[in-house]
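The values are calculated or read from the model by the stated rules, or taken from the named source; none is laboratory data. Just so we're clear, the structure is a prediction, and the values are computed from it rather than from any experiment. Using ideal geometry, Cβ is built from the backbone for each residue, glycine included, and neighbour counts are taken over all protein chains shown. The accessibility values were calculated without ligands, DNA or RNA, using every heavy atom of the protein model including side chains. Shrake-Rupley method; radii C 1.70, N 1.55, O 1.52, S 1.80 Å.
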Amino acid sequence: MHYMAAHGTRRARPAELVPGTVSVITARMDYLPRDTPGEWQQVEFSRLDRPSEAVVSLYARGRDYHKVLRSRLARLAVRIEEEVGPIGHRVFTDSAPVLEAELAARSGQGWRGKHTLVLDRQGGSMFFLGEIYVDMALPPTAPVTPHCGSCSACIDICPTRAILAPGRLDARRCISYLTIEHPGSIPPEFRRLIGNRIYGCDDCQLACPWNKFAVRSTLPDFDVRAPLSARPLAELFAWTEQDFLRHTEGSPIRRIGHERWLRNLAVALGNALRAGDLAARDALLARREHPSALVREHVEWALAVDSGDAGSAPDHRGEL
Ligand code: SF4
Ligand code: SF4
């Protein structure tokens, strides 16, 4: 697979990022856990209807994919060198300076869906992307034709209306961004819509008809880890920082740190309280004096509801 950018910024010009790059080998790696049941999309949607249960995005329930994919790409580069001799190369996965989805789409890994992710007719979209920049000319592979057609399921289901138009995502509205990358206070207008999602959001992918063809991983790395499997929000909220570090060792979740973890859980507990889970109040009260102003602010928001609001939490489509 080959990509030689003629236009765009430095991000879009591999040779400026890694001097000498002539081609980019793109790769994808399926991540659905090995024991994922049939009708898994319905199983995932049903989690959103249990407000006291924490929901972690599917890709983050096992081992940190950065480590898994990077080491496999490094091994692939070694195997290529065994065939062709030494090459200059550098491996990337989920790296900010790389336009990953665009490289994947241009090299035929799939097309960009209306939700902006890459998807494929044989494999849906539940896969990670990675790249090897090489200083060796390779014959290019062609892009594939898009197959979204008139479907708009991902746009329609997005709880925060983050997909503004086909292929246009406002990251500032996206629950994945808000619960993972966003460092500060979560804008209040999105808190109720977050529901019980404490790390990421899969809704646009769950709704995608092509994901009935999503492929299970063959690797144990992505098996669901017990501490993150359908746990009560209150239990996770009670974790000390040491508990958090221990339970998330080797998991991508560790990257957000304990403070953001508690922030997300406070929002979810507030939504559980609104849905009638009165035990959520005790869990929140126990963190009311937390040293972090960020955590305290979200706890106060969560507690600022009386049980008279019960039952008025939005459903997983963001509808009241
Ligand atoms: S991840 Fe969730 S919030 Fe973000 S675009 Fe998809 S459905 Fe919307
Ligand atoms: S849900 Fe429909 S519009 Fe969205 S990516 Fe999948 S096929 Fe395309």
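Pick out which of Arg72, Arg61, Arg106 has the largest mean-square fluctuation in a Gaussian network model of the chain, springs linking Cα atoms closer than 10 Å.
Arg72
Near Ala162, within a Cβ-to-Cβ distance under 11 Å, what is the net charge of the other residues, with Lys and Arg +1 and Asp and Glu -1?
Once positives and negatives cancel, what remains is +2.
What ratio of Cα Rg to 2.2 N^0.38 Å holds for the stretch 1-118? Present the calculation step by step, with values, prior to reporting the outcome.
Numbers: Rg = 17.8 Å, N = 118, 2.2 N^0.38 = 13.5 Å.
In units of the 2.2 N^0.38 Å rule of thumb, it is 1.32.
Can you tell me which of Ala105, Ala272, Ala15 moves the most in a GNM of the chain? Springs connect C-alpha atoms under 10 Å apart.
Ala15
Report, to the nearest whole %, how much of the accessible area of the chain belongs to carbon and sulfur atoms, 1.4 Å probe, protein only. Walk me through the numbers on the way to the answer.
Details: 7750 of 14580 Å².
So the carbon and sulfur contribution to the accessible surface is 53 percent.
Working from the alpha-carbon coordinates of the stretch 169-261, get Rg over Rh, Rh being the Kirkwood radius.
Using only Cα positions, Rg/Rh for the stretch 169-261 is 0.98.
So what does log10 I(q)/I(0) come out to for the stretch 3-307 at q = 0.07, 0.09, 0.12 Å⁻¹, using the Debye formula with one equal point on every Cα and no solvent?
Taking Cα atoms of the stretch 3-307 as identical point scatterers yields -0.30, -0.49, -0.85.
Take the Cβ-Cβ distance between Arg172 and Leu76 as r, set R0 to 41 Å, and report the resulting FRET efficiency rounded to the nearest 0.05.
Details: r = 36 Å, r/R0 = 0.87.
In this case the efficiency is close to 0.70.
Can you compute the helix-only [θ] at 222 nm over the chain? Use -39500 (n - 2.57) per DSSP H run of at least 4 residues, normalise by all residues, nearest 500 deg cm²/dmol.
-9000 deg cm²/dmol, from helical runs alone.
Ratio of alpha-carbon Rg to the 2.2 N^0.38 Å globular estimate for the stretch 20-60, to two decimals, please.
Cα Rg divided by the expected 2.2 N^0.38 Å: 1.84.
Kindly sort Val295, Val18 by accessible area of their heavy atoms, largest first, with the probe set to 1.4 Å.
Val18, Val295
Sorted by packing (mean other beta-carbon atoms within 10 Å per residue), highest first, where do 219-225, 107-113 land?
Descending packing order for the listed peptides: 107-113, 219-225.
Taking springs between alpha-carbon atoms closer than 10 angstrom, which of Arg260, Arg79, Arg274 fluctuates most in the Gaussian network model of the chain?
Arg79
Specify the angular offset, from 0 to 90 degrees and rounded to the nearest 10, of the alpha carbon long axis of helix 293-303 from the longest principal axis of the alpha carbons in the chain.
Its long axis makes an angle of about 60 degrees.
With an 8 Å cut-off on Cα pairs and a minimum separation of 6 or more residues, tell me the relative contact order of the chain in percent.
Relative contact order here is 24 percent.
Please work out the C-alpha center-to-center distance from the stretch 116-157 to the stretch 28-65 and express it in whole Å.
So the two Cα centres are separated by 21 Å.
I'd like the accessible area for His290: 1.4 Å probe, protein heavy atoms, all chains in place, Å² to the nearest 10.
About 30 Å², ignoring ligands and nucleic acids.
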